[in-house]
Amino acid sequence: MTEDSATIEVSDFDAATQHSRTQKITFTDAGVRLRPHFEGYTWPDELDQMAAAAGLRLGERYADWHRQPFGPESSAHISVYRPA
């Protein structure tokens, strides 16, 4: 929010289809601007399967760019693949 505008963001998450939809709505004197965003995601084990099918193997996996250990509570991951 600024003196001249306000932005609202709404999201919809579907775990079954692994899709996320977001819409940012900005209101200004000039009107309304919509910025939709759609993405699909895969779980790390699914990435590992796709990498294996492409001839790669998992080298390392971290929870962040600081190389913190990846675990069940991690909300992100950095995966490094190498030729199999």
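Annotations
- Restricted to the stretch 1-57, and to residues there that are of a type in the set (Phe, Trp, Tyr) and assigned to a strand (DSSP E or B), the residue that is farthest from residue 73 (Cα to Cα) is 27.
- All positions within the stretch 19-64 that are over 26 Å from residue 7 (Cα atoms), of a type outside the set (S, T, N, Q) and within 15 Å of the chain's Cα centre (by Cα): 43, 44, 46, 47, 63, 64
- Assessment of the stretch 13-23 against the conditions (in contact (Cβ under 8 Å) with a residue 24 or more places away in the chain, in contact with a strand residue (DSSP E or B) (Cβ under 7 Å, 6 or more places away or on another chain), not assigned by TED's automatic domain parsing to the domain that holds residue 83 and not aliphatic (A, V, I, L, M)) yields at least one matching residue.
- Lone unmet requirement of (1) loosely packed, with under 10 Cβ neighbours inside 10 Å; (2) out of contact with any strand residue (DSSP E or B) (no Cβ under 8 Å at 6 or more places or on another chain) for residue 42: (1)
- Residue 21 being touching a Ser or Thr at 6+ places or on another chain (Cβ under 6 Å) and surrounded by 13 or more Cβ atoms within 10 Å (Cβ to Cβ): no
- Scanning the stretch 59-84 for residues that are assigned to a strand (DSSP E or B) and under 20 Å from residue 18 (Cβ atoms) returns 61, 78, 79.
The values are calculated or read from the model by the stated rules, or taken from the named source; none is laboratory data. In this text the structure is predicted, and so the values were computed from the model without any measurement. A quick note on method: Cβ atoms are made from the backbone with ideal geometry, for glycine too, and the neighbour counts reach across all protein chains shown.
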